[in-house]
Amino acid sequence: MEKTVTPIQVERKTLTYETQKRWLGIAFSLPALVLLFTFLILPVMLAFGYSFMSYNMLNPDGKEFTGFDNYIRLFQDGIFLTSLKNTLYFTALVVPIQSAVALGLAILVNKKVKVASLGRVFFFSPVVTSMVVVAILWTFLYNVDSGLINHALNFFGIENQPFLLSADQSMNSIIFMSVWQAAGFQMMIFLAGLKEVPEELYEAAEMDGASVWQKFRNVTLPSISHVTGFVLIITTIQAFRLFIQPYVMTNGGPSDSTKTLVFMLYENGFQFRDVGYSSAIAVVFFFIVLISSLILKKILKQ
Amino acid sequence: MKKLLVLSTAAMLSIGALSGCGKEDNKSAEGSNGETKLTLWYPEGNTSAAYQEVIDAFNKEHDGEIEAEIEFIPRGNKYAYEDKISAAATSNTLPDLVAMDGPNVANYADAGIIQPIDGMIEEQDQFVDSVIKQGTFEDKLYAISPMESTVALFYNVKMLEEAGITPPKTLEEAWTWDEFYAAAKKLTNKEKGIYGVNWTLDYGEWIIYFTGPTVWSNGGSFIAEDGSKADGHVNGPKTVEALKYLQKFTKEGLVNLQPTPTEFEDGKAAMMLMGSWEWAKLKDYPDTEWGITYYPKSPNGEQVSPSGDWAWGVSTSAKDKEAAAELLNFIHTKENVLKLAAVEDKPPARTDAFTELAEWDKEPLNVLKDQVLETAHPRPLTTSYPVLSTKYGQAVQNIFLGGDVQEELDKVAKEVDTDIDRKN
């Protein structure tokens with residue numbers, strides 16, 4: 001009689017090279033993933049949950065589920081609509097102005113002269129200065145009676161301007177100083193892009209008799225388009241987060257003219273300790289930024 | 001397999017190390033040699049050194065039994081200190097004894113982060129009324145402070161003499177609104193760039209604190225007595241009238257809306273509505289001769305002045321209530337109150353301490369003493385105080401910039417009432 005032997009599958013004791021590599025990759029990225037989860041993904045998820053609750057910061061045990069109450073209140077809140085409008089206004093102006101200024105500066109300091117490197121330091125120095133410090137300094141500059149800017153305007157025969165004290169001028173004043181403070185950063189990115197443009201392209205254009213404008217329009221811009229896209233997206237996201245300037249310079253006033261979404265979020269969350277409501281603002285803010293970035297990306301692709 | 005084990009262990013260790021970072025023992029605990037540990041928080045400032053001395057003395061007296069440790073928290077000019085307390089309350093890391101600005105007592109007591117200290121305070125009858133009132137919520141005492149504060153009218157002696165104005169010397173003669181306004185108008189000199197009055201416009205607690213007496217003096221209020229409603233109070237006719245009066249000063253340019261921090265000291269403002277703590281700083285400007293007179297009163301009301309200073313409460317996370325009471329009483333003995341008050345020349349909150357301070361019976365400090373003992377008014381006690389203080393401050397700024405008084409205050413009433421409804 002023949003014995004039938006069922007073949008026994010022998011489990012492999014050693015892992016294949018591929019599997020080992022995969023595990024190694026996971027192990028190496030684990031610390032980063034854990035950090036990312038704890039400090040980014042988890043808070044976002046919590047905020048999403050809290051936005052459906054009534055939650056007093058001082059009394060975490062007393063929180064209760066209230067459904068869409070916070071969102072209903074939010075869309076009926078006049079201050080929310082004002083803050084949204086202000087934030088969009090700031091972004092719509094700052095993004096093109098700041099990017100254009102940054103590109104201009106980058107072209108300026110890209111020249112191969114000694115002064116150019118000095119210029120880079122000059123234009124970049126506001127970026128390394130803390131925004132709080134810059135904001136305080138500019139509050140002095142914008143002072144109606146004793147501010148430097150009004151003195152300069154007087155010199156040209158222009159009357160004293162109220163700047164931060166006027167609901168019409170406060171946001172524009174903040175836009176101006178924000179561009180001054182941050183343009184240096186985008187300038188550096190543009191500069192890196194400009195350095196990549198091959199010299200031969202310019203030489204060829206010159207051979208064809210291209211003017212300075214034509215060279216800029218047909219050589220420089222297309223060659224740095226990927227950098228431009230990147231700059232526009234980060235500037236947009238930064239602009240949406242406007243907070244320090246109004247917090248330090250105007251406290252959101254006068255008449256809520258400089259109140260932004262993040263300012264409102266801070267005020268409700270920390271000062272009024274209404275975690276639920278401010279989480280709802282955060283969630284809405286998250287979607288606004290997300291949608292804007294997606295739209296911008298789509299436009300840039302074309 | 002061995003390698004995998006090593007790697008996963010390494011990974012787990014790194015997580016373990018991470019979670020280890022966050023551990024901090026901030027609660028009262030038994031020390032290594034059996035002594036009770038107490039922690040305290042106080043906003044960083046001029047009194048820091050004196051407080052440290054008081055705590056050191058306490059530790060010496062209670063060597064081996066209780067050890068207290070005080071931490072000074074930077075305050076900034078807004079609500080940074082309050083933000084820190086909120087964060088600590090959320091994570092259960094509050095100190096045993098926590099200092100808070102008077103009007104926050106109701107909010108903290110209601111949220112249950114501080115506990116009643118009824119019957120814990122020795123010689124409670126020695127404390128001025130305004131301190132007890134400010135520290136009381138729903139008929140229970142929650143906080144007490146060693147010092148008081150007030151706002152008075154500082155004036156430049158020379159400028160007033162030149163203009164032929166004699167400031168009032170007694171409480172009964174205190175200026176009425178009209179007299180104060182007339183003086184400010186007369187003292188304003190636009191050509192020389194001199195303003196009649198200086199008042200600070202910061203974005204924090206100051207606005208409700210310094211304009212409060214104008215409102216109360218006129219019979220106005222910020223919120224219903226029981227804290228249930230702001231509508232009809234913060235936007236009531238008497239309050240509106242009071243702010244319309246203050247608006248006259250800014251509209252007519254008697255006040256600089258963006259003053260330098262030393263406008264009065266530099267002789268660019270003839271008078272200054274300022275806190276009682278300011279006079280100690282004026283000593284650094286010997287060229288400017290100054291005096292103090294009373295906070296102006298409404299023609300149809302009584303004399304009122306603001307009050308409130310940093311008060312001590314016992315947090316609900318304090319385990320050893322007896323030790324906390326011991327420390328609380330130690331801070332508030334007559335000797336220590338005098339010591340702390342002397343640092344910033346603040347008025348002490350104990351009446352028996354005043355008797356030791358002869359200087360406060362003479363001009364100009366007698367004005368401050370009179371106000372603390374006779375006319376002090378606590379700020380409103382409401383759980384919605386943060387909203388009230390913030391929104392009212394923003395509204396007053398808009399009013400000073402020319403906004404419509406009724407409209408601005410209506411907005412405040414609406415916001416505060418929304419917050420009250422939310423909490424109930």
* Asked: So how do B:MET100, B:MET274, A:MET45, A:MET207 line up by other beta-carbon neighbours within 10 Å, fewest first?
  -> A:MET207, A:MET45, B:MET274, B:MET100
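Using a 10 Å cut-off around each Cβ of peptide A:163-169, what is the average number of partner chain Cβ atoms that fall inside?
Going residue by residue through A:163-169 and averaging, the value is 2.
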* Span-like helices, chain A: DSSP H, alpha-carbon axial extent 18 Å or more, mean Kyte-Doolittle -0.5 or greater, which ones? -> A:17-36, A:78-109, A:114-128, A:170-196, A:225-240, A:275-301
* Structure fact -> The orientation-averaged projected area of the Cα convex hull of segment A:17-65, in nm², is 4.8
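Could you tell me the relative contact order of chain B? Use alpha-carbon pairs under 8 Å, at least six residues apart, and round to a whole percent. All intermediate terms of the calculation are to be shown ahead of the outcome.
Details: 762 pairs, mean separation 108.5, N = 424.
26 percent.
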* Asked: Each label point is 7 Å from the Cα along the Cα-to-Cβ direction; what then is the distance between the points at B:GLU162 and A:PHE75, in nm?
  -> 6.3
* Between A:PHE37 and B:ASN189, take the C-beta separation as r, use R0 = 60 Å, and let me know the FRET efficiency to the nearest 0.05. => 0.40
* Structure fact -> Hydrophobic long helices for chain B, i.e. whole DSSP H runs reaching 24 angstrom or more by Cα along the axis with Kyte-Doolittle mean at least -1.0, come out as B:2-21
* FRET efficiency, 1/(1 + (r/R0)^6) with R0 25 Å, evaluated for B:ASP202 and A:LEU137 via beta carbons -> 0.90
* **Distance between segment A:245-302 and segment B:45-95 - C-alpha centres, whole angstrom** => 34
* To do: Name the long-range amide H neighbours of B:ALA311: under 5 Å, sequence gap of 5 or more, or other chain; modelled H, no Pro or chain starts.
  => B:MET100, B:ASP101, B:GLY102
* Structure fact -> Taking every residue of A:247-253, the Cβ atoms of other protein chains inside 10 Å of its Cβ average out to 4
* At what distance in nm do the modelled label points of B:ALA87 and A:VAL115 sit from each other, each positioned 7 Å from its Cα along Cα→Cβ? -> 4.7
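For B:THR316 and A:TYR202, what is the calculated FRET efficiency with R₀ set at 60 Å and r taken between the beta-carbons, to the nearest 0.05?
Calculated value: 0.25.
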* Asked: If you take every DSSP beta bridge whose two residues both sit in chain B, what share of them, in percent to the nearest 5, is antiparallel?
  -> 60
* Asked: In whole Å, how far is the Cα centre of segment A:70-93 from that of segment A:185-204?
  -> 39
* To do: Sum -39500 (n - 2.57) across every DSSP H segment of at least 4 residues in chain A, then divide by the residue count to get the 222 nm mean residue ellipticity, nearest 500.
  => -21000 deg cm²/dmol
* Asked: Highest GNM mean-square fluctuation, chain B, Cα pairs closer than 10 Å: which of B:LEU254, B:LEU401, B:LEU381?
  -> B:LEU401
* **Beta bridges per DSSP with both ends in the protein assembly as shown, % antiparallel, nearest 5** => 60
* Just grab the label-to-label distance for A:LEU148 and B:GLU53, each label 7 Å out from Cα along the Cβ direction, in nm (one decimal). => 4.3
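Rg over Rh of the protein assembly as shown, using C-alpha atoms and the Kirkwood radius, what does it come to?
1.05
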* Most fluctuating residue of A:ASN143, A:ASN59, A:ASN172 in a GNM of chain A with Cα springs under 10 Å: which is it? -> A:ASN59
* Structure fact -> Assertion target for A:VAL231, B:VAL387, ordered by fewest C-beta neighbours within 10 angstrom first, is A:VAL231, B:VAL387
* Quickly estimate the mean residue ellipticity at 222 nm for chain B, helices only: each DSSP H run with n ≥ 4 gives -39500 (n - 2.57), and the total goes over all residues, rounded to 500. => -12500 deg cm²/dmol
* **C-alpha center-to-center spacing [segment A:149-179, segment B:257-310] in angstrom** => 30
* **Stretch gain in nm, segment A:VAL127-A:LYS297, where the contour uses 0.36 nm per residue and the Cα spacing is subtracted** => 58.6 nm
* **Using θ = phi - 60° and Karplus 6.51 cos²θ - 1.76 cosθ + 1.60, couplings along segment B:224-229 (whole Hz; Gly, Pro as x)** => 4, 3, 8, x, 8, 7
* Asked: Remind me, relative contact order of chain A in percent, using alpha carbon pairs under 8 angstrom and six or more residues apart?
  -> 28
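Every number here is computed from the coordinates shown, using simple stated rules; none is lab data. These numbers were taken from a predicted model, which means no experiment stands behind them. Note that we place each Cβ from the backbone using ideal geometry, even for glycine, and neighbour counts take in every protein chain shown.
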